[in-house]
Each structure stands twice: as C-alpha cells, then as structure tokens.
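Below: the structure, in structure tokens.
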Amino acid sequence: MGESHALVSAPFTVHSAGYRRLRPDAHPLADSSGYVFEHRAVLYDKIGPGVHPCHWCGRELIWRYGLEVDHIDFDRANNAPANLVPSCHRCNTGRAMARRYGREVVR
C-alpha cells in the first residue's frame, strides 16, 4: 500500500526512550533534520498516507496530527510491520499504563 523508502540501509541513532531513529534519503515523516522514528516509517510504508482508524477504538487519525504507532507486543525494538498498528494517544497510553500497573491489557 505504502511506498518503500530504503529503511534497511539507512543510518540510525537510538532515542533516549529506546526508539530507533533513521535518516533515510527522504521520507514524508522525516523531521527538519531528516530523521524519522523507525516504527513510524515502517507503519507508514505499510498503510500509506491519509486517514486511518485507531486499531483499538476506531477513531479516525491522520499522520502528524494524532496518529501514533502502537507496538502490539510492547517491544520498542520489534518494528516488524505485523507488530505495528495505528493508535490514538488515548488508546496507546492507556495500554501502556494498564501494562505498567498490572491491569488487563487489550491485545
């Protein structure tokens, strides 16, 4: 669906929160320094631009304006396309907080 942006060979750094930041030749989600978080680039390349529903609640989201990338297995290093889903902030943080405090987590 989306367009590949040669992420595999892109130079990267690791953000203080543990997320990999890539610097591909060009990517629509890149910041002003040319970097993009790997999990965001992978999901973008999987689902493409435009409006997408939150995987958990169905709320409509758009890249750069509310669409967050949720790791289904909570592993920030697992950026496999099957492990990444679009999520709204409420659902993304709600799942993380539930896991942190030992409550049931939606999967």
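Let's see how each residue does on (1) surrounded by fewer than 16 Cβ atoms within 10 Å (Cβ to Cβ); (2) touching a helix residue (DSSP H, G or I) at 6+ places or on another chain (Cβ under 6 Å); (3) modelled with pLDDT of 95 or more:
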| site | (1), (2), (3) |
| --- | --- |
| S9 | yes, no, no |
| D25 | yes, no, no |
| R40 | no, no, yes |
| E60 | yes, no, yes |
| P86 | no, no, yes |
| N92 | no, no, no |
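Determine the pairs where a residue that is free of Cβ contacts under 8 Å to residues at least 60 places away in the same chain, located within the range 85-96, has a partner that is among the aliphatic types (A, V, I, L, M) with Cβ atoms under 6 Å apart, the partner being 6 or more residues away or on another chain.
P86/L61; P86/L67; C88/L61; R95/V105
Under 11 Å from the mean Cα position of the chain (by Cα) and either surrounded by fewer than 19 Cβ atoms within 10 Å (Cβ to Cβ) or β-branched (V, I, T) (or both): is that true of I72 in this structure?
So I72 passes the test.
Would you pick out the residues in the range 43-58 that are surrounded by 21 or more Cβ atoms within 10 Å (Cβ to Cβ) and either over 13 Å from C91 (Cβ atoms) or among the hydroxyl-bearing types (S, T, Y) (or both)? Steps first, please.
Initially, the range 43-58 is screened for residues surrounded by 21 or more Cβ atoms within 10 Å (Cβ to Cβ), giving 43-44, 54.
Matches in the range 43-58: L43, Y44.
The values are calculated or read from the model by the stated rules, or taken from the named source; none is laboratory data. Model, not experiment: these values are computed from the prediction. All Cβ positions, even for glycine, are placed from backbone atoms using ideal geometry, and neighbour counts span all protein chains on display.
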